[in-house]
Amino acid sequence: VQLQASGGGLVQAGGSLRLSCAASGSIVSFNVMAWYRQAPGKQRELVADITRSGGSTTISDSVKGRFTISRDIAKNTVHLQMNSLKPEDTGIYYCYARFGGRAYWGQGTLVTVSS
């Protein structure tokens, strides 16, 4: 399984970005897909995840109401729509998938929010 994350960049506070994670396999076969982030000097944390059925999502309290996770099955892609961005959202965002009892990580995409 290979995961390719994209869509990061520099944005002003209050702006929006949409991250994409393209998977090499069929995403409906993955138990869960998720976005994590790691801010400078901090541990990696879960931002949002979506289950195989797509019927259940989890959004971290820190981004609830601003971020949305979704998927495009036809394109084997999971998106993270990020609105009302804040400087504290700055970090490297990683795509994650769990499949066959194993965890897979993408290479990360940098999001920088300026004040």
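Residue 107 fails exactly one of the following numbered conditions: (1) modelled with pLDDT under 95; (2) within 14 Å of residue 19 (Cα to Cα); (3) open to solvent by less than 60 Å² (accessible area, probe 1.4 Å). What is the number of that condition?
Of the numbered conditions (1) modelled with pLDDT under 95; (2) within 14 Å of residue 19 (Cα to Cα); (3) open to solvent by less than 60 Å² (accessible area, probe 1.4 Å), the odd one out for residue 107 is (3).
Take the residues in region 15-29 that are of a type in the set (Ser, Thr, Tyr) and closer than 14 Å to residue 4 by Cα; name whichever of them is surrounded by the fewest Cβ atoms within 10 Å (Cβ to Cβ). Don't jump to the end; show me each part of the working.
Within region 15-29, the subset of a type in the set (Ser, Thr, Tyr) is 16, 20, 24, 26, 29.
Filter once more, so that each one left must be closer than 14 Å to residue 4 by Cα: 20, 24, 26.
On the way: 20: 17, 24: 12, 26: 10.
Ranking the qualifying residues of region 15-29, first place goes to 26.
Name every residue in region 1-44 that is under 15 Å from residue 69 (Cα atoms) and either touching an Asp or Glu at 6+ places or on another chain (Cβ under 8 Å) or among the aromatic types (Phe, Trp, Tyr) (or both), in order of residue number.
32, 33, 34, 35, 36, 37
Scan region 21-46 for residues that are hydrophobic (A, V, I, L, M, F, W, C) and part of a loop (DSSP other than H, G, I, E, B) and jot them down. Before you say what the answer is, go through the steps one by one.
Filtering region 21-46 down to residues hydrophobic (A, V, I, L, M, F, W, C) leaves 21-23, 27-28, 30, 32-35, 39, 46.
The answer is 30, 39.
Select from region 47-71 the residues that are charged (D, E, K, R) and not in a loop (DSSP other than H, G, I, E, B) and write down the one among them that is most open to solvent (accessible area, probe 1.4 Å). I'd like the intermediate steps shown before the answer.
From region 47-71, those charged (D, E, K, R) are 49, 52, 61, 64, 66, 71; that's our starting set.
Applying the additional criterion that residues be not in a loop (DSSP other than H, G, I, E, B) yields 49, 71.
Details: 49: 30, 71: 61 Å².
So the residue we want is 71.
Do any residues in region 30-43 that are within 13 Å of residue 93 (Cβ to Cβ) and open to solvent by 60 Å² or more (accessible area, probe 1.4 Å) have Cβ atoms under 7 Å from those of residues that are basic (Lys, Arg) and assigned to a loop (DSSP other than H, G, I, E, B), where the two are at least six apart or on different chains, and which pairs are they?
Here the result reads 38/44, each pair linking region 30-43 to a residue that is basic (Lys, Arg) and assigned to a loop (DSSP other than H, G, I, E, B).
May I ask you to list pairs of residues, at least six apart or on different chains, whose Cβ atoms are under 8 Å apart, with the first in region 80-98 being part of a helix (DSSP H, G or I) and the second being β-branched (Val, Ile, Thr)?
The qualifying pairs are 87/113; 88/113; 89/63; 89/111; 89/113.
Collect the residues in region 72-90 that are open to solvent by 60 Å² or more (accessible area, probe 1.4 Å) and touching a Gly at 6+ places or on another chain (Cβ under 7 Å), keeping them in residue-number order.
84 - this is the single residue of region 72-90 that is open to solvent by 60 Å² or more (accessible area, probe 1.4 Å) and touching a Gly at 6+ places or on another chain (Cβ under 7 Å).
The values are calculated or read from the model by the stated rules, or taken from the named source; none is laboratory data. It should be emphasised that the depicted structure is a prediction, and the values quoted were computed from it without experimental measurement. Every residue, glycine among them, receives a Cβ derived from its backbone with ideal geometry; neighbour counts consider all protein chains shown. What goes into the accessible areas is simple: the full protein's heavy atoms, side chains included, and nothing from ligands, DNA or RNA. Shrake-Rupley method; radii C 1.70, N 1.55, O 1.52, S 1.80 Å.
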